[in-house]
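One structure is given here, and the rest of the page talks about it.
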Amino acid sequence: MKIQPNQKQVRIKVRPPQPPKRVASIIFSFILLLQLHLHCFLFHSILSVLPSSPLSTMSPRHSLILFFSFFVFTSTHFCTSTEYLKLPLLQRKPPSSPSELLSADIHRLSGHRSSLKSPLASGAATGSGQYFADLRIGSPPQRLLLVADTGSDLVWVKCSACRNCSNHRPGSTFMARHSRTFSSHHCYDSPCRLVPHPNPNGPCNHTRIHTPCRYEYSYADGSITSGFFSKETTTFNTSSGKEAKIKNLAFGCGFRISGPSVTGLSFNGAQGVMGLGRGPISFISQLGRKFGNRFSYCLLDYTISPPPKSYLTIGGYSNDVVSRKFSYTPLLTNPFAPSFYYISIESVSVDGVKLPISSSVWDIDGNGNGGTVVDSGTTLSFLAEPAYRHVLAAFRRRVKLPPAEGPSLGFDLCVNVSGVAKPRLPKLRFGLAGKSTLSPPTRNYFIEAMERVMCLAVQPVKPGSGFSVIGNLMQQGYLFEFDVDRSRLGFSRHGCAVP
C-alpha cells in the first residue's frame, strides 16, 4: 500500500523471546570463540596460498581507535605463528656528494621540527635515505621501490591513472587502473581522518555523493605528494618460503608529485616512501600486530660491490642464537612527536674516555625538543650541540693525521689519509639506557668525502631547535630490531645476514 504524505506509518516492533541469561552467556561465549578461531583460520589460509615467486589534531588514542575500525588485521587476538614477512632491502650508492647529503639531512631535520604541530606532516626521505624496500602491490602485483623511513608514517607511491601507459616503463609508477583490487577510501571513511587534506574545510565535497578521500602531504622545502588515500592488496614472501596476500593496506596514491625532495636525483629512483614510524597509518602499525608488533632490518654498506642481500622483516626471528646476542635499550615516547623512535643516550666515550657531557643534554624538554631519534631516512648522525663540541674536541686531540686542505666540505673535521694504508681513527662509543653499549666501527662515522680525505660524519644540533639523530650510516652493519610491544630497541653485530 502506498503511504500518502499526510499519513503516519506505524511500525510494530516484535521482541523475540529471550533465552535465559545463563544460556545467553554460553551462546555469546561460543560465538566469540568461534569468531576468534575463524579469524585465525582466515589468517593462516592467507599465509598458505602459493609457493614463493622468484621474482590533524586527534590524540594518539583516538587515532588508534579509528585505525582499528578500518584495517582488516587489527584484532587484539594474536594467532601464534613463527612466520614473519620478508621484504628485500636494497642499497644504492648515493648520486650526491657527501656535502650535498649533509645539506639534505639538515633540511630534512629542520622539516621535522616545523612539522611537529601536525601529527602527519613529518618529513620523509628528503633526499638522503639510500635504503629501499621492494614492495609488490596490486592485483596482479606491481613491483615498486620505496624508501624505508623510520622517521615518518605515511606509505605513499607515485600513481598513474592512464590505461595505455606506453610512456611509463614498468616499475616507474603504480598503474592504479591495472589492478583489480585497487580502491580509494571514501571521504567519510574513518582512515580519511588520519591524513592531511588539501581542503581546509574537510575531506568531503558535500555536493557529491561519492567523494574519494584526498590527501596532501607537504615537506619543509615545499615538495608535495597529493592524490587519493587508498587501499590495496600487497604480496609478501614469508619466512617459510610461501606468499602472503594481505588486503587493505592503506596508502597514498600520489598523482601529483613535485619538488626536489621527491623528484630530484637525491630521491635516487624511488617510487615512494614506506613510513615505518609508530603512528596508526604506518606500514608497521598496519601489518605488525599480526607478527608480534616488531620489525627488523640490517643496513649494509652500499659501497660494497656487488651489494650484499638483506631484508626488512615484519615479525621476529626464530633464530635463538641471534636473539641471545641482542643488546636492548628502551624506546621512549615524545608526546609532541609520537611517531619517532626515541632512545636515551647516557654517556659518550672516545677511545674509552668518558666525555664530561651533562645528562640533561639528552633530555626531552617540555616543548618536545631534545632527545635522540633512530632514523633510517637520515644518512649522517646529529648530536645536541653541547655534546657535539665535546666529541669534536676529543677527536681533534686524538687524531694524529694532517688536516685536509682545500675547499670546505661542510664538515668540521677532515683529515688527509694519503699514504696511510690503515689510518688510525678514534673509537666512538655510546652508553645507552638499559646498560647497553653501541660501539660502531670507524667507517660508520668517518666517511671518504673525496679521494684520500676522511671526514667526521657527525653534525651539531642547536639547543631548543631539534633532536639528536642516529642516522643510517651509524647503523650500518648492525641488525636492528624495533620491538613496539615491549617498547625496546635491540641491536646486534651478529646475524646481520640472517634472512
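See the values below:
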| item | result |
| --- | --- |
| Complete set of residues in the stretch 442-465 that are out of contact with any strand residue (DSSP E or B) (no Cβ under 7 Å at 6 or more places or on another chain) and either assigned to a helix (DSSP H, G or I) or at positive phi (or both) | THR442, ARG443, ASN444, GLY464 |
| Residues that are out of contact with any strand residue (DSSP E or B) (no Cβ under 6 Å at 6 or more places or on another chain), modelled with pLDDT of 85 or more and surrounded by 23 or more Cβ atoms within 10 Å (Cβ to Cβ), drawn from the stretch 113-172 | THR150 |
| Strands (runs of 3 or more DSSP E) lying entirely in the stretch 347-441 (those with 2 or more residues that are not polar (S, T, N, Q)) | 372-374, 381-384, 414-416, 428-432 |
| Selected residue (criterion: modelled with the highest pLDDT) from residues of the stretch 476-491 that are surrounded by fewer than 20 Cβ atoms within 10 Å (Cβ to Cβ) and either of a type in the set (S, T, N, Q) or on the phi > 0 side of the Ramachandran plot (or both) | SER487 |
| Set PRO212, PRO203: member being modelled with pLDDT of 90 or more and buried (at least 17 other Cβ atoms within 10 Å of the Cβ) | PRO212 |
| Pair list, Cβ under 6 Å, 6 or more apart: the stretch 375-387 residue within 17 Å of ARG429 (Cα to Cα), other residue charged (D, E, K, R) | LEU380/ASP105 |
| Qualifying residue in the stretch 250-265 (condition: under 24 Å from PHE336 (Cβ atoms), over 15 Å from the mean Cα position of the chain (by Cα) and modelled with pLDDT under 90) | yes |
| Residue list for the stretch 370-426, restricted to those being of a type in the set (Gly, Ala, Ser), buried (at least 16 other Cβ atoms within 10 Å of the Cβ) and at pLDDT 90 or above | GLY370, GLY371, SER381, ALA384, ALA387, ALA394 |
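The values are calculated or read from the model by the stated rules, or taken from the named source; none is laboratory data. Everything quoted here is computed from the prediction, not taken from an experiment. Glycine also receives a Cβ, built like all others from the backbone with ideal geometry; neighbour counts cover every protein chain displayed.
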